């Protein structure tokens, strides 16, 4: 299932039955994305720990290679932090944390979508949409209200980055 956050978050109020049938699959897909992002974040953390340990060992074995004249715990710690491999691993961890946060937010949004479906069905049962006047176009109103939100783009970017890593 190809995920498209902007499309998946929308609700067609004229086809609530279809939306309800699709909701469990959407929730599962986004929960899976969040779980995979969590796994990537955990893997990035483990990788950072390993790289830091390797660099720490290298600094202790050959301090002169790292420009150290005197070996102190503070100097070793500084050399580890300044190492390019450690910095790159920290960047990967930071990106993985962002991706996890965005995919988790998308998963929470799918839960909010479920609740909104329940509310719309309740309104429908109360004849909210019935009557002599033409009902409002809720999709049009929702699009206007949420058009300026950039969170959808952030979620999409986070998921795209994860997909590119997988390919």
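Tell me, which residue of the stretch 11-34 that is surrounded by 14 or more Cβ atoms within 10 Å (Cβ to Cβ) and not in a helix (DSSP H, G or I) is modelled with the highest pLDDT? The selected residue is 11.
Considering only the stretch 1-8, I want to know if a residue exists there that is at pLDDT 95 or above, closer than 17 Å to residue 161 by Cα and in contact with a helix residue (DSSP H, G or I) (Cβ under 8 Å, 6 or more places away or on another chain). The answer is no, given that none of the residues of the stretch 1-8 is at pLDDT 95 or above, closer than 17 Å to residue 161 by Cα and in contact with a helix residue (DSSP H, G or I) (Cβ under 8 Å, 6 or more places away or on another chain). Here residue 42 passes the criteria (1) assigned to a helix (DSSP H, G or I); (2) farther than 23 Å from residue 164 by Cα except the one numbered (2). The criterion of at least 2 residues that are surrounded by 14 or more Cβ atoms within 10 Å (Cβ to Cβ) and at pLDDT 95 or above is met by the following helices (runs of 4 or more DSSP H) wholly inside the stretch 66-167: 73-82, 84-125.
Here residue 114 does not fit the description of being touching a helix residue (DSSP H, G or I) at 6+ places or on another chain (Cβ under 7 Å), without any contact (Cβ under 8 Å) to a residue 60 or more places away in the chain and closer than 30 Å to residue 8 by Cβ.
The values are calculated or read from the model by the stated rules, or taken from the named source; none is laboratory data. Bear in mind the structure is a predicted one, so any value in this text is a computation, not a measurement. Reconstructed Cβ throughout: ideal geometry from the backbone, glycine too, with neighbour counts over all protein chains shown.
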